[in-house]
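So the structure is just underneath, and the comments pick up after that.
The values are calculated or read from the model by the stated rules, or taken from the named source; none is laboratory data. Quantities reported herein were computed from a predicted structural model and do not represent experimental measurements. Don't worry about glycine lacking a Cβ; one is built from the backbone with ideal geometry, like all the others, and counts go over all protein chains shown. Just the protein is used for accessible areas: all its heavy atoms, side chains included, with ligands, DNA and RNA removed. Shrake-Rupley method; radii C 1.70, N 1.55, O 1.52, S 1.80 Å.
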Amino acid sequence: MSLVSLCGNAQEAIEDSKLVYIGLDLVKSLPSYVFPDKYLIRNTVIIEPYVIFPGKDPRKHWVLSGGFAQGTSKIDTTQISQSQKFQGVYIKMAFENQYKRIPLRFGYGPIISFSGFRGKYTFKGPTFGDYTGSFTDDQNFAFGAEAYLAYDLKLNKKLMLRFQIRTTMAVRMSGNISPDYFPGVGITKGLNSFLISPGFSTQLFYKVH
Amino acid sequence: MKIIMHIFFFTLLLSGCIDCGPQKELTIRLSIDADTFLLKKVTAPGAIDLSIFDEQVKNYTSHSYSQLKDFTFPISLNADSTTYIFEFENRTDTLTLFYARDFSYKNGCGFVVDAKYPNSSFETKSTFKYVHVDYQSYILDEKIRPFGTSEGPGISIEASL
């Protein structure tokens, strides 16, 4: 009996793998609204849609994704530049593998991001008063790669939740101000030309016929 | 293993660090050859807090036996000139220093501030008989060797009545 059901599940899994899923990230911007003073970014909009396409091999898929992020980094009063505004768009692609024995999917692929940063900096002037200047670092281009592990949880026939841990690495080709958050890459405070950032996220997928 | 430790130590010693400069309100070094005149007060128009001037004048009067006096005075980051008014016992002198502020971003430091040779045609305007200004950067371009100078010398002034 159990053997039959197992075969049934496997068959279903393979059937499913021939379908297209569209999805949206649910988590990335959430903590910036729930804990705006504590989290590393504040009131940040991150819209990240996904499409999973079936590959020729039923255990291989490919994922196309893009994103838009706009927000502000955490205020750090000990710094000369206490906070940054950022805005950016990015495109990601991933080759995804499904495994027989492990209920996880492993994906990896390229990412490109175009982003810009703005902010103010203040030099304390106890005698003559503070000096505040502003900066704009509008044309940043970075490219790199993202690798992730995903666990898919079916909610019903149409909906699926995906829990994902990822690491994103990118090389910044232009721009000079060290970004607190680089759209598409993640939290990059203190980093400059080589960016690396790990993360956890959850996406909701809808099965498309 | 010992050799590796030695190589590591020497690499660290030779690599040095980046000079970020003061990253705060800049100061100038001022030497006044005041002879027998007694300095009573220093003020600066536009200053919101004169305590740094008061403190140094207090030290000056308590050691008035020496002829040449060294002060460390802040310059305004909100203008390209700063004026100091020196009230001596029986005369008052003014000194206006001109400079060009330079705010920039330096890798490994963040935002840095420097003051350079002024864009105007004069370095100072003063009632002192003799004034000489030496403009040096506050930020060293080359890497600093450990045990060496820690930062750029900045602006220094010599003046005499």
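Assorted remarks:
- Accessible carbon and sulfur surface of region B:19-160 relative to its total accessible area, %, 1.4 Å: 47 percent
- Sequence-distant residues sharing a close amide H with residue A:117 (under 5 Å, placed H): A:137, A:138
- Global form of the protein assembly as shown, assessed from the alpha-carbon gyration tensor, a/c cut-off 1.5: prolate
- Residue-count net charge about residue B:100 - beta-carbon cut-off 12 Å; Lys, Arg +1, Asp, Glu -1: -2
- The residues of region A:124-170 occluded by other protein chains by 20 Å² or more of accessible area, set against the chain on its own, are A:124, A:126, A:127, A:128, A:129, A:131; surface from heavy atoms, 1.4 Å probe.
- Counting only alpha carbon atoms, the long axis of helix A:2-16 and the longest principal axis of chain A meet at about 50°.
- Estimated buried accessible area (total), pair A and B, 1.4 Å, Å² to nearest 100: 1600 Å²
- Exposure of residue A:171 as accessible area (Å², to 10), given a probe of 1.4 Å and all protein chains: 60 Å²
- Normalising the average separation of contacting C-alpha pairs (under 8 angstrom, six or more residues apart) by the number of residues puts the relative contact order of region A:148-201 at 33 percent.
- Accessible carbon and sulfur surface of region A:40-151 relative to its total accessible area, %, 1.4 Å: 60 percent
- Under 12 Å, Cβ to Cβ, from residue B:52 - net charge with Lys/Arg +1 and Asp/Glu -1: -3
- Most to least accessible of B:81, A:193 (protein chains only, probe 1.4 Å): A:193, B:81
- Relative contact order %, region B:19-160, counting alpha carbon pairs below 8 Å whose residues are six or more apart: 31 percent
- Among the listed pairs A:56/A:154; A:124/A:189; A:124/B:116; A:38/A:120; A:189/B:24; A:18/A:85, those beyond 30 Å (Cα-Cα): A:18/A:85
- Over chain A - Rg/Rh using Cα atoms and the Kirkwood inverse-distance radius: 1.10
- A P(r) calculated from all alpha carbon pairs of region B:19-160, with 5 Å bins opening at zero, reads 2, 9, 19, 21, 19, 14, 10, 5, 2, 0, 0 percent.
- Couplings 3J(HN,Hα) of region A:138-143, computed from phi: 7, 10, 9, 10, 9, 9 Hz, in residue order, whole Hz [Karplus 6.51 cos²θ - 1.76 cosθ + 1.60, θ = phi - 60°; x for Gly and Pro].
- Relative contact order [Cα under 8 Å, 6+ residues apart], chain A, whole percent: 18 percent
- DSSP bridge analysis restricted to the protein assembly as shown gives an antiparallel fraction near 95%, rounded to the nearest 5.
- Annotation for residue A:22 and residue B:121: the two label points, set 7 Å from Cα along the Cα-Cβ direction, are 7.1 nm apart.
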